[in-house]
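FYI, it's all coordinate maths here, none of it is from the lab. Just so it is clear, the structure is predicted and the values come from calculations on it, not from any experiment. Heads up, the Cβs are rebuilt from the backbone with ideal geometry, glycines too, and the neighbour counts pull from every protein chain shown.
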Amino acid sequence: MRSRTGLISQQVHSVKDLLARRAPGLMRVTAQSARQNFWNCWLSERLPPELRARVSGISARAGTLVIFGETAAWSARLRYAVLELEHEIRAADAAVTEVKVRVLPRS
């Protein structure tokens, strides 16, 4: 690369590398989104259709997977279904040490 004053001895980096250095928060958001997408697809393949439609969100952070149900009643049903899947969940991601089900109404 050249500048007006002469050669610049910097390496050319990929956009991903530049973003990682300039915006570490963006990389965390991207990683969180990828984890949510993974768990959403994973649960969609394993939950019954009536429960699948009632999942309002998923969060995976610090070893805890939190699955949100639309209402308290649907969350209770999700808890039972997740208990049956807990071994498979931990096999899918060894970093998951705890699985919780919470209520989060859709807006």
Item to check | Of the trypsin sites (Lys or Arg not before Pro) in the range 45-107, those whose Cβ has at most 14 other Cβ within 10 Å and which sit in DSSP loop | outcome: R106
Checklist entry - In nanometres, what is the gap between the two model label sites at A95 and R21, each 7 Å from Cα along Cα-to-Cβ? => result 2.5 nm
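For a quick protection proxy, order the peptides 31-43, 62-74 by their average other-Cβ count within 10 Å, most packed first. Don't jump to the answer; show the numbers that get you there.
Details: 31-43: 14.2, 62-74: 16.4.
In descending order of packing, they fall as 62-74, 31-43.
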Checklist outcome for this item: Between S14 and E45, Cβ-based FRET efficiency (R0 25 Å, step 0.05) works out to 0.15
Checklist entry - When the chain is fully extended, how far beyond the present Cα-Cα distance does T30 get from A76, taking 0.36 nm per residue of separation? => result 13.5 nm
Checklist outcome for this item: If every Lys and Arg gets +1 and every Asp and Glu gets -1 at its Cβ, then about the Cα centre the range 56-105 yields a dipole, in debye to the nearest 20, of 180 debye
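Net charge near T71: determine it from the other residues with C-beta under 11 Å of the C-beta of T71, scoring Lys and Arg +1 and Asp and Glu -1.
Net of charged neighbours comes to +2.
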